[in-house]
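Working notes for the structure below.
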Amino acid sequence: MSITAIVINALALIGLGVAFFKNRKKAVKSLKVAGKSLFKILPMILIIVIIVGLLLGFVPPDQIARFFGEQSGILGVLIIGGIGAVLHIPSLIAFPLAASLLESGASVMAAAALITTLTMIGTVYLPVEIRILGRKLALLRNALSFGVAIIISVLMGLIL
């Protein structure tokens, strides 16, 4: 286990201890709500983990590195950004997926492009946005969000 995980878990346990000390009933109630939420999202998480596992199992790491590694340049970032814009994956799953891509040889820019486009682009919700905002504004918002997501990913690649 990494030092980051240890620190985060320790802080969570300390926070839980403080909550129990201040108000035991509210702490128990919050744990019940958290447990119910976990069981609601667990099937979705398991399905996505299985899909990601199969994807990473069928696509060898050298192919991931070839298409999304450092040598892929801006084209690899645009491709994975397009994939992220089309997919509808919760950000809770996007971070482990990006970590798996990094471990398989993808660049920081590609991982950042996936995360930013997954969270900033609403392709699945585009019909609703068009109905509410109008076609021009909805498409403009998504296009600008895609451009900003790519800029963010390039900056992340330069910084990290």
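Length gained on full extension, Leu158 to Ala19: 45.9 nm, using 0.36 nm per residue less the C-alpha separation.
Panel note: the C-alpha atoms of the stretch 20-113, placed on their principal axes, show extents of 55, 25, 23 Å (largest first). Can you give me the Cα centroid spacing of the stretch 26-55 and the stretch 76-112 in angstrom? First find each Cα centre; the distance between them is then 21 Å. With a simple spin-label model that places each label point 7 Å from the Cα along the Cα-to-Cβ direction, the separation between Arg135 and Gln63 comes to 3.8 nm. Here the Gaussian network model covers the chain, with springs between Cα atoms less than 10 Å apart; of Val128, Val28, Val52, Val28 fluctuates the most. Other residues lying with their Cβ under 10 Å from the Cβ of Gly105 contribute a combined charge of -2, Lys and Arg counting +1, Asp and Glu -1.
Bear in mind these aren't lab numbers, they're just calculated from the coordinates by the rules spelled out. Everything numeric in this text was worked out from a predicted model, so none of it was measured. Because the Cβ atoms are built from the backbone with ideal geometry, glycine has one as well, and the counts that use them run over all protein chains shown.
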